[in-house]
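Visitor: The structure follows.
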Amino acid sequence: MKGFRDFLLRGNIVELAVAFIMATAFTAVVTATVQMIMDVVGKLGGVRDFSTYNPGGVSVGAFLTALVSFLILAAVVYFVIVVPYMKAREVLRLGDLDEPASVPEDVALLTEIRDLIARRGTPTPSASDPTV
């Protein structure tokens, strides 16, 4: 039972459950928005639903309705979720750049030694050098 309890209380499972619940609730909002936009398109075009459109006896109306609904849904998701999310990431990323990254002390010391040797301009020892 302890393993099962640990599994259920693990952070990823809880976060996934919250995300699923929020997505389910958000589905109602997006569906209502798509329906509202479809109503506006219907008022402008004179036909709210293309389902009855059958040119030459081929039922393409249901496909057109689904296609328009999908395009509206994709636009709503993009402009309501993706664009604000990307802008928020940019703002947060810029905030991270303001803080200088801390360098471990040993790396800083080795960098300083390297720079001092480079400034001194000592040639590298060769095999014929007696001090080697």
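Visitor: Can you pull out the residues in the stretch 41-77 that are surrounded by 11 or more Cβ atoms within 10 Å (Cβ to Cβ), of a type in the set (A, V, I, L, M) and more than 31 Å from the chain's Cα centre (by Cα)?
Guide: Answer for the stretch 41-77, where residues must be surrounded by 11 or more Cβ atoms within 10 Å (Cβ to Cβ), of a type in the set (A, V, I, L, M) and more than 31 Å from the chain's Cα centre (by Cα): V47, V60, A62.
Visitor: If we scan the stretch 67-75, do we find a residue that is closer than 22 Å to Q35 by Cβ, among the aliphatic types (A, V, I, L, M) and touching a residue at least 40 places away in the same chain (Cβ under 8 Å)?
Guide: Checked against the condition, which is being closer than 22 Å to Q35 by Cβ, among the aliphatic types (A, V, I, L, M) and touching a residue at least 40 places away in the same chain (Cβ under 8 Å), the stretch 67-75 yields at least one hit.
Visitor: Do we find that V40 is under 17 Å from V76 (Cβ atoms), among the β-branched types (V, I, T) and at pLDDT 75 or above in this structure?
Guide: Criteria met by V40.
Visitor: Residues in the stretch 91-107 that are of a type in the set (D, E) and modelled with pLDDT under 85: how many?
Guide: So the answer is 3.
The values are calculated or read from the model by the stated rules, or taken from the named source; none is laboratory data. Not measured: the values here are computed from a predicted model. Positions of Cβ are generated from backbone atoms using ideal geometry, with glycine treated the same way; all protein chains shown enter the neighbour counts.
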